[in-house]
Protein chains: 2
Amino acid sequence: MNRPKMQSVPLKNIKICDNFWNRYTNLVHKEIIPYQWAILNDQLEDVAPTHCLENFRIAAGEAEGCYQGAIFQDSDVAKWLEAVAYSLETHPDPELEKLADETIELIERAQQPDGYLNTYFTIKEPDLRWKNLREGHELYTAGHFIEAGVAYYNATGKRRLLNIVCRMADLICSLFGEDGQHIDGYPGHPEIELALVKLYRATGEKKYLRTASYFIERRGKEPNCFVEESKKPGYRRIFLENNEYDPYYAQNHLPVRQQESAEGHAVRAVYLYSGMADVAYETGDDSLLEACKRLWNNIVNKRMYINGSIGSSAYLERFTVDYDLPNDSGYSETCASIGLALFGLRMAQITGEAHYFDQVELALYNTVTAGIGLDGKSFFYVNPLEVWPENCIPNTSRSHVKPVRQKWFGVACCPPNIARTLASLGQYIYATKDNTLFLNLFVGNQATVSLDSGELKVRVDSRFPWEDTINIETESETGCMMGIRIPSYVHRFKIAVNGDSVQYTMKNGYVMVPVVQGKSRIDLSFSIKPRLVYPNELIRACAGQVAIMRGPLLYCIEEMDNPTPLSSLIIDKNTSFTEQWDSALGGMITIFADGWRESSPKGAGLYHEMPCKREATRLKFVPYCFWCNRDPGEMRVWIRAL
Amino acid sequence: MNRPKMQSVPLKNIKICDNFWNRYTNLVHKEIIPYQWAILNDQLEDVAPTHCLENFRIAAGEAEGCYQGAIFQDSDVAKWLEAVAYSLETHPDPELEKLADETIELIERAQQPDGYLNTYFTIKEPDLRWKNLREGHELYTAGHFIEAGVAYYNATGKRRLLNIVCRMADLICSLFGEDGQHIDGYPGHPEIELALVKLYRATGEKKYLRTASYFIERRGKEPNCFVEESKKPGYRRIFLENNEYDPYYAQNHLPVRQQESAEGHAVRAVYLYSGMADVAYETGDDSLLEACKRLWNNIVNKRMYINGSIGSSAYLERFTVDYDLPNDSGYSETCASIGLALFGLRMAQITGEAHYFDQVELALYNTVTAGIGLDGKSFFYVNPLEVWPENCIPNTSRSHVKPVRQKWFGVACCPPNIARTLASLGQYIYATKDNTLFLNLFVGNQATVSLDSGELKVRVDSRFPWEDTINIETESETGCMMGIRIPSYVHRFKIAVNGDSVQYTMKNGYVMVPVVQGKSRIDLSFSIKPRLVYPNELIRACAGQVAIMRGPLLYCIEEMDNPTPLSSLIIDKNTSFTEQWDSALGGMITIFADGWRESSPKGAGLYHEMPCKREATRLKFVPYCFWCNRDPGEMRVWIRAL
């Protein structure tokens, strides 16, 4: 039996007004959605055609031509629609809604009579439908459409896309099963699981939850579905053809309940775990939830970069082993950090424990934001902690690392994923349960919240993460509770209600404050100063180095502010930090520290016997999320320290 | 017009008797040649079948079946025969010679009537002959056969293999040319160039030199031959099919004379440059020699690891950019160091300058030797400077790094290449010119040398690299000169003749000593102590670290001698070193140094704010070439230093 969990507050009830986040969230409707629409429609001259909507026109019989693009190209359209839905909730825009409605109509016309929806298989490989689940991405793409359908219905009340995805979901539920009469399998790339739970929640249709549960339970059990399908007539490789089969890659090396460590393709992993958490909650399955906790702990305690990114191997974009976190060659895909945030959000809401938000906040404030340029039109797929532009050259082991953000990608999962994440940032800010409103992120906003005891209007005013006072104004119908998350980097805080300090209790990482009927004001203050962060000694790649953080923000040094090579710079561990407000990039706090620059003696060869010289220098740090928004060049998070 | 160059002394005239090298050279006839013969014949149960000789039987019409193995599988047989030839010169063995003769007869039967010799194309792709030079490896394989043919003729006086390879070479010379009537192209993998010069030298047939010169001059000029061949009817990809074409990969991005930096696949590069040096010498072409010098300088001053290995990117096994030398993920192929030694040998002999041997010695004493286990039956293809076995897992970006030597490889270029290199070590020791014998490597040996002035018997007695006195006994018919190389790590030396210090001159890095008629004795002594070596500040991967060398030997720390993680260890730059003789592995000098181990505070998480503890510890270093010959585990060359 499931215990009620925390719920996000509907996006339409939250208006974000935040110094840090508005530079991103304002981009969504102004820049990102129109820009991505142009790309989906091949309207930009300097971006290679994506063929995304053209594939739908061809599948609908309204255009001639061949399918073009990655096997999961449809999902970019789905993620764009999902972002549009979230945007419409907070920024109504009739023209955009019309565009979305027309796109949905096109999708409907591309849907097959039996409900099947996937332009790759419809146009190019109709005989391969459901035959290569390991690589086909049909269930993955379906999952993104389902998420879009639910989001669009929630935002607009319109059912057309919801009906489309229900027909596809009905088809999937009718096709899959373990009884020998159905297709016995699960997706190579998880996503359908969490999507089907969303659809179950939106429609109440239990078969969606059952099928999500089946996909999760079947995974990793013998006989291995991917091995079995490869023996069937008509099977053919269709993606990454040269790779040998590695069950870790798609997390089907063991039944999910037995998995102890996060393995394989990082995005697949966190999407799977998110679906597992959803199913565990809806079915009240504690042992499945325990597996989720184990996997979360393995990630955040042993396999996560300090910027909240995951995936240490560029080859297969995957987890490797505990403490293997190379700074200059890891993968750290933006989508994987988005998935980590989705997973953490679910775990926090199910368990009611605030600590999950330490990593959610890390991923959102650092990697998701680094993944998009402040122009809204350029993106990082890979988010390394150390970049030396000269060695990021094509056709080498370093070619996945880009020293500047790219306009778009051949496999373009990240840009629309960032768009939908920014557009739905509100879901992370609050959670409600019973008579309590929980504040998870210190994002400035105004919200109207329904609690069991009645409506609560709340306004969060802060200049976080730059400043460390959070002012919360409340207006409660009946009185209620407020739980405010105290992040791990806050060691001491003060809290006052209407100017008076109060008795408070701590519960699961939240400071619990009673909110009286009528108007009231809560002031939370703590101290966020720059801090030195040391790596665990088992992270070989970081030995002898430290990083600088300030609140949730990771800092880095960039070539335009510091002498190169950045590897020659050493920070004095006893430095006092100086903070300075810099109006660049929409405003940021920069940090200065004392240190040295070490240099080879003049005329030294490649290797030499003469000791190095060391001269004092001042190091300038900027927030990692903003890196490469000014002059491109070397960047480094971990700095040698003495 | 070419000026006479230094010549190597025939192997049959040198008997190596050396504390360091005999542990390897004795393996050649006792272990390596029989072991590799068994592998070529698929006789070992625990090594995957190579099908090497079976391919020849099939091509000869004496067995049924399909071709199996890499496209250049034949070259393993050729390199084995070349190693056998060198071995027979120094260790006559009638049984082995009979086996070689039978193999040569089989090769002859597999040769086609027109002289064509390549079992892959003969059996599997007869229609693709010469159609895909970029990937086909036909000219590469032919080059290795030619080298074997010349070596076997020199060793035994038998012409059968020489005749076979002359027929193949004649075919090649008749087919290729730039006049529009012939195939206009050059090999994707250089090797034929240096081989054809060897064949020219063995036979005096000038067309071999002309064709070698054509291959070199044509390379990199427009129109690009690899692009042109790909447009021709019948063209098909046959190797690394998924890779896009990168002209740098096979060094045809520019005409060779215009190339300023070592680019692309490292083995291909140094084989090409060796062929360029040969042609430059034989044709007296100074501008081609200048290109060789530029490329050599680029490698050794900017793109070479401290162990004399090259190739920074595992993907495409290639050079990247200056100072990009990652320690834990580079390629550093054993074959590339062999090629570097071959290139340096040529440059030293042509220019008469000893400094080329600094890197030849480095490659031979460190990487070539590390490439083979002291059992003679296990091999490293990749020679990293930092290994953490736990993260060397399959299907990741680190899967090319093996934490223990492998029995054999799918692409098995390195083991037979090591065999032929060890079997021909003698070619590196001496060089003669006019009336002078030059000693390049301090390898204990006895030799009989023909100089213009008559015969010189010489005996080098030393315990180098462990000890630093070299005793040379000479017996000269008429009196002559001896030039002894003074390595770059020798800053001061003493030299005495018959016990008396002598006036000497230095020339091109050699100390020149007159050798009187009759018996005489030269004593060279210098001091080889452990030394700290600093990396150039531009090598980002080595910042803050130092390496220990002693004479030509690079040292490393291994897990079995030191606490882990090795990244937590710090050497005191002011340490005094203690040397200790260790009888393990045939005897070696181990080095102890003072330092510290830095550890995270107890219970520290992945990232923490508590400073690390540092406690004094003693570090134990062993020669890098011997690493992983005891218990496997972590290994590290560059050590953090304070």
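Observations on the structure shown:
- Cβ separations smaller than 8 Å between residues 6+ apart or across chains give the following pairs from region A:355-366 residues that are closer than 10 Å to A:N440 by Cα and in a helix (DSSP H, G or I) to residues that are charged (D, E, K, R) and open to solvent by less than 10 Å² (accessible area, probe 1.4 Å): A:F357/A:R485.
- Residue count for region B:203-237, restricted to those that are open to solvent by 70 Å² or more (accessible area, probe 1.4 Å) and within 26 Å of B:L162 (Cβ to Cβ): 3
- Residue in region A:610-621 that is within 12 Å of chain B (Cβ to nearest Cβ), closer than 16 Å to A:T564 by Cβ, assigned to a loop (DSSP other than H, G, I, E, B) and of a type in the set (A, V, I, L, M, F, W, C) present: yes
- Cβ separations smaller than 7 Å between residues 6+ apart or across chains give the following pairs from region A:291-303 residues that are more than 14 Å from chain B (Cβ to nearest Cβ) to residues that are hydroxyl-bearing (S, T, Y): A:C292/A:Y273; A:L295/A:Y273.
- Among the residues of region B:377-387, just one is open to solvent by 10 Å² or more (accessible area, probe 1.4 Å), closer than 19 Å to B:L325 by Cβ and assigned to a loop (DSSP other than H, G, I, E, B), namely B:Y381.
- So B:K494, is it of a type outside the set (D, E), more than 29 Å from B:L553 (Cβ to Cβ), at pLDDT 95 or above and surrounded by fewer than 16 Cβ atoms within 10 Å (Cβ to Cβ): no
- Members of region A:258-292 found to be β-branched (V, I, T) and open to solvent by 20 Å² or more (accessible area, probe 1.4 Å), listed by number: A:T283
- Residues of region A:399-430 satisfying the condition of being within 14 Å of another protein chain (Cβ to nearest Cβ) and touching a Pro at 6+ places or on another chain (Cβ under 8 Å): A:V401, A:P403
- Filter result for the condition that a residue is over 30 Å from B:E579 (Cβ atoms), among the aliphatic types (A, V, I, L, M) and not assigned by TED's automatic domain parsing to the domain that holds B:Y86, over B:L439, B:L456: B:L456
- Verdict on A:V9 being open to solvent by less than 40 Å² (accessible area, probe 1.4 Å), touching a residue at least 60 places away in the same chain (Cβ under 8 Å) and in contact with a strand residue (DSSP E or B) (Cβ under 6 Å, 6 or more places away or on another chain): yes
- Looking at region A:388-487, the strands (runs of 3 or more DSSP E) lying wholly inside it that each contain 3 or more residues that are without any contact (Cβ under 8 Å) to a residue 24 or more places away in the chain and not hydroxyl-bearing (S, T, Y) sit at A:454-462.
- Hey, B:L325 surrounded by fewer than 22 Cβ atoms within 10 Å (Cβ to Cβ) and modelled with pLDDT of 95 or more or not: no
- Failed condition for B:A169, given (1) without any contact (Cβ under 8 Å) to a residue 60 or more places away in the chain; (2) surrounded by fewer than 24 Cβ atoms within 10 Å (Cβ to Cβ): (2)
- Residue within region A:548-558 that is more than 13 Å from every other protein chain (Cβ to nearest Cβ), part of a strand (DSSP E or B) and surrounded by fewer than 23 Cβ atoms within 10 Å (Cβ to Cβ) present: no
- Restricting region B:306-354 to residues that are under 18 Å from B:Q406 (Cβ atoms) and assigned to a helix (DSSP H, G or I), the residue that is farthest from the other protein chains (Cβ to nearest Cβ) is B:I338.
- A count restricted to region B:176-202 and to residues that are in a helix (DSSP H, G or I) and either outside the structural domain of B:D74 (by TED's automatic domain parsing) or crowded, with 16+ Cβ neighbours inside 10 Å (or both) stands at 10.
- Residue in region A:104-120 that is touching a Phe, Trp or Tyr at 6+ places or on another chain (Cβ under 9 Å) and open to solvent by 50 Å² or more (accessible area, probe 1.4 Å) present: yes
- Any chance B:T564 is open to solvent by 10 Å² or more (accessible area, probe 1.4 Å), within 30 Å of B:F493 (Cα to Cα) and not in a strand (DSSP E or B): no
- Residues in region B:546-564 that are within 27 Å of the chain's Cα centre (by Cα) and not small (G, A, S): B:V546, B:I548, B:M549, B:R550, B:P552, B:L553, B:L554, B:Y555, B:C556, B:I557, B:E558.
- When region A:392-418 is limited to residues that are touching a Lys or Arg at 6+ places or on another chain (Cβ under 7 Å) and open to solvent by less than 10 Å² (accessible area, probe 1.4 Å), the one that is modelled with the lowest pLDDT turns out to be A:P416.
- Only one of the numbered conditions (1) in contact with a helix residue (DSSP H, G or I) (Cβ under 6 Å, 6 or more places away or on another chain); (2) surrounded by fewer than 24 Cβ atoms within 10 Å (Cβ to Cβ) is not met by B:Y356, and that is (2).
- Cross-chain or 6+ apart pairs with Cβ under 7 Å, region A:18-30 first and farther than 13 Å from A:F442 by Cα, then open to solvent by 20 Å² or more (accessible area, probe 1.4 Å) and in a helix (DSSP H, G or I): A:R23/A:G586
- Some residue of region A:584-597 being free of Cβ contacts under 8 Å to residues at least 40 places away in the same chain, assigned to a strand (DSSP E or B), surrounded by fewer than 21 Cβ atoms within 10 Å (Cβ to Cβ) and within 34 Å of the chain's Cα centre (by Cα): yes
- From A:G61, A:G69, A:G65, residue being open to solvent by 20 Å² or more (accessible area, probe 1.4 Å) and touching a Cys at 6+ places or on another chain (Cβ under 7 Å): A:G69
- Residue identified as more than 14 Å from every other protein chain (Cβ to nearest Cβ), closer than 24 Å to B:C414 by Cα, among the aromatic types (F, W, Y) and out of contact with any strand residue (DSSP E or B) (no Cβ under 7 Å at 6 or more places or on another chain) among B:Y271, B:Y248: B:Y271
- Failed item in (1) under 28 Å from the mean Cα position of the chain (by Cα); (2) within 14 Å of chain A (Cβ to nearest Cβ); (3) modelled with pLDDT of 95 or more; (4) on the phi < 0 side of the Ramachandran plot, with B:S527 passing the rest: (3)
- The residues on offer are B:T436, B:T396, and the sole one that is within 14 Å of chain A (Cβ to nearest Cβ) and farther than 22 Å from B:V637 by Cα is B:T396.
The values are calculated or read from the model by the stated rules, or taken from the named source; none is laboratory data. Since the model is a prediction, treat every value here as computed from it, not as a measurement. Positions of Cβ are generated from backbone atoms using ideal geometry, with glycine treated the same way; all protein chains shown enter the neighbour counts. For the accessible areas, the whole protein counts, side chains as well, though only heavy atoms, and no ligand, DNA or RNA atoms are used. Shrake-Rupley method; radii C 1.70, N 1.55, O 1.52, S 1.80 Å.
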